[in-house]
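Working notes, beginning with the structure itself.
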Amino acid sequence: LTDGIVSTKMDVFSFGVVLLELVSGKEAIDDEGKVLWAKVGEFSEGSEERKVRKLQEWMDESFLREELTMESVVNVMSVAISCVNKDPSRRPGMVEIVYALSKSIDLFSDVSEEGLSPRQVTAR
């Protein structure tokens, strides 16, 4: 039973890394061997304005050209950060992740009459 829990938490870690790659536009490990998740704690320090500013500097520039809510990006980052927590017992389960990300759906797509299409949301 414990092996299954540890395995699931490792899968959650990997999912968090993928979310970080999507938001940042960077690879998980750069050419110098630095890992993407090493400094994500910086996004939870300081005032809300500072957190948003740091995130805007870190995130993929293509998001800044799109119309999206920073609230959605912050929510996705919160999920990603919780997934890569150093303590596996503090990482969320996939049900919690799906619920949290469902609140950020505007970041990824919009359902229209023609089906799924890219949604334009404004960085605020």
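In the stretch 103-118, is there at least one residue being open to solvent by less than 90 Å² (accessible area, probe 1.4 Å) and modelled with pLDDT of 90 or more? No, that holds for no residue.
Kindly indicate whether any position in the stretch 14-23 is among the polar types (S, T, N, Q) and touching a residue at least 40 places away in the same chain (Cβ under 8 Å). Explain how you work it out, then say what you get.
Of the stretch 14-23, the ones among the polar types (S, T, N, Q) are 14.
Applying the additional criterion that residues be touching a residue at least 40 places away in the same chain (Cβ under 8 Å) yields none.
The answer is no; no qualifying residue exists.
Of all residues in the stretch 15-57, those satisfying the criterion of being farther than 21 Å from Lys86 by Cα and either acidic (Asp, Glu) or surrounded by 14 or more Cβ atoms within 10 Å (Cβ to Cβ) (or both) are Asp31, Glu32, Glu48, Glu49, Val52, Lys54, Gln56, Glu57. Here Ser72 meets each of (1) farther than 12 Å from Phe15 by Cα; (2) out of contact with any Asp or Glu (no Cβ under 6 Å at 6 or more places or on another chain) with one exception, condition (2).
The one condition from (1) of a type outside the set (Asp, Glu); (2) touching a residue at least 12 places away in the same chain (Cβ under 8 Å); (3) in a loop (DSSP other than H, G, I, E, B) that Gly33 does not meet is (2).
Taking the residues in the stretch 65-90 that are in contact with a helix residue (DSSP H, G or I) (Cβ under 7 Å, 6 or more places away or on another chain) and in a loop (DSSP other than H, G, I, E, B) as candidates, determine which candidate is modelled with the highest pLDDT. Among residues in the stretch 65-90 that are in contact with a helix residue (DSSP H, G or I) (Cβ under 7 Å, 6 or more places away or on another chain) and in a loop (DSSP other than H, G, I, E, B), the one modelled with the highest pLDDT is Val84.
The values are calculated or read from the model by the stated rules, or taken from the named source; none is laboratory data. Remember, predicted model here, so these are calculated numbers, not experimental data. Don't worry about glycine lacking a Cβ; one is built from the backbone with ideal geometry, like all the others, and counts go over all protein chains shown. Just the protein is used for accessible areas: all its heavy atoms, side chains included, with ligands, DNA and RNA removed. Shrake-Rupley method; radii C 1.70, N 1.55, O 1.52, S 1.80 Å.
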